[in-house]
Amino acid sequence: CGQTQSISYFCKNEHSICDSCLKIAPEDFVKKICLKHKGIDPNALAVEIMNSPVITMHGSVHHFIVPAVLLTCVYNLEKKTELLSSQLDALLHRVFEETPDVCQYHNGTCGAAQGASVFLSVYLNRNQNAEDEWSPSNTLTAECLRRIADHGGPRCCKRDTYFSIAATVDYMKESFALELPISEAKCTFSLRNKSCGREECAYYNLANSLV
């Protein structure tokens with residue numbers, strides 16, 4: 001947050017976070033970072049958000065991170081930043097209404113993939129009653145889930161966030177000629193993730209976790 005103040009929390013490596021930032025609701029934190037962000041690379045923004053101790057290793061906040069970073073980068077690209085705050089609120093409302101609040105791996109789905117389709121629906125200003133809503137949303141969700149399924153487990157919200165972002169960037173380019181740059185998804189979470197697949201994961205690189 002850039003403020004100078006006394007803190008109650010710090011780690012042995014002298015990393016610290018102020019009390020107000022640590023206690024902020026994760027979804028509010030995501031929106032706060034998105035509104036400050038000026039770039040158009042959704043992976044870079046996702047990593048910035050997920051690196052914060054406010055964001056847990058696993059959890060339903062990732063169902064909001066995926067659409068939030070995508071919408072932010074698209075609006076930055078299209079110079080629509082004046083709409084971003086209200087549209088992030090609309091996005092969050094739909095994420096709460098339309099995606100699970102717990103992991104759904106046992107049902108063969110993932111909230112991060114569903115979050116990608118929420119992004120597309122909000123971006124296109126569609127709802128479930130629109131005649132042309134179901135096909136693009138379901139197509140995108142299916143592609144996100146295909147990439148997640150092809151890779152296999154174990155559960156990892158970070159990995160599935162990266163897969164869903166990459167699938168959406170490809171879909172937007174192919175379907176709408178909208179190109180977002182997408183950097184390498186540098187996973188910095190392996191040493192903190194007890195269920196990490198390590199070398200079996202497409203995004204694993206121990207060097208990134210040692211930085």
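Numbers at a glance
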read-out: Every pair of residues 6+ apart whose Cβ atoms lie under 9 Å, when the first sits in region 163-177 and is without any contact (Cβ under 8 Å) to a residue 24 or more places away in the chain and buried (at least 18 other Cβ atoms within 10 Å of the Cβ) while the second is assigned to a helix (DSSP H, G or I) and aliphatic (A, V, I, L, M); value: none
read-out: Failed item in (1) in contact with a Pro (Cβ under 9 Å, 6 or more places away or on another chain); (2) of a type outside the set (Val, Ile, Thr); (3) more than 9 Å from PRO67 (Cβ to Cβ); (4) open to solvent by 30 Å² or more (accessible area, probe 1.4 Å), with ARG94 passing the rest; value: (3)
read-out: Among the residues listed as SER164, SER183, the single one being within 21 Å of TYR75 (Cα to Cα), of a type outside the set (Lys, Arg) and not in a helix (DSSP H, G or I); value: SER183
read-out: Where LEU124 falls short, out of the listed (1) open to solvent by 10 Å² or more (accessible area, probe 1.4 Å); (2) under 12 Å from the mean Cα position of the chain (by Cα); value: (2)
read-out: Residue in region 123-134 that is touching a helix residue (DSSP H, G or I) at 6+ places or on another chain (Cβ under 9 Å) and either assigned to a helix (DSSP H, G or I) or touching a residue at least 24 places away in the same chain (Cβ under 8 Å) (or both) present; value: yes
read-out: Criterion (in contact (Cβ under 8 Å) with a residue 40 or more places away in the chain, charged (D, E, K, R), surrounded by fewer than 21 Cβ atoms within 10 Å (Cβ to Cβ) and closer than 27 Å to ASP101 by Cβ) met by exactly one of ARG155, ARG159, ARG147; value: ARG155
read-out: Residue in region 187-201 that is over 24 Å from ASP101 (Cα atoms) and in contact with a Pro (Cβ under 7 Å, 6 or more places away or on another chain) present; value: no
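Here is a yes/no grid of residues against (1) β-branched (Val, Ile, Thr); (2) in a helix (DSSP H, G or I); (3) under 29 Å from LEU191 (Cα atoms); (4) in contact (Cβ under 8 Å) with a residue 12 or more places away in the chain:
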position	(1), (2), (3), (4)
ALA44	no, yes, yes, yes
GLU48	no, yes, yes, yes
PRO67	no, yes, yes, yes
LEU71	no, yes, no, yes
ASN76	no, yes, no, yes
GLU82	no, yes, no, no
LEU88	no, yes, no, yes
PRO100	no, no, yes, yes
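Table: residues versus (1) modelled with pLDDT of 95 or more; (2) open to solvent by less than 70 Å² (accessible area, probe 1.4 Å); (3) touching a Lys or Arg at 6+ places or on another chain (Cβ under 9 Å).
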{"residue": "LYS31", "(1), (2), (3)": "yes, yes, no"}
{"residue": "PRO42", "(1), (2), (3)": "yes, yes, no"}
{"residue": "LEU45", "(1), (2), (3)": "yes, yes, no"}
{"residue": "ILE55", "(1), (2), (3)": "no, yes, no"}
{"residue": "HIS58", "(1), (2), (3)": "no, yes, yes"}
{"residue": "ALA68", "(1), (2), (3)": "yes, yes, yes"}
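The values are calculated or read from the model by the stated rules, or taken from the named source; none is laboratory data. Being a predicted model, the structure only gives us computed values, none of them experimental. Ideal geometry is used to build each Cβ from the backbone, glycine not excepted, and the neighbour counts take in all protein chains shown. When the accessible area is computed, the model is the full protein with side chains, heavy atoms only, and any ligands, DNA or RNA have been set aside. Shrake-Rupley method; radii C 1.70, N 1.55, O 1.52, S 1.80 Å.
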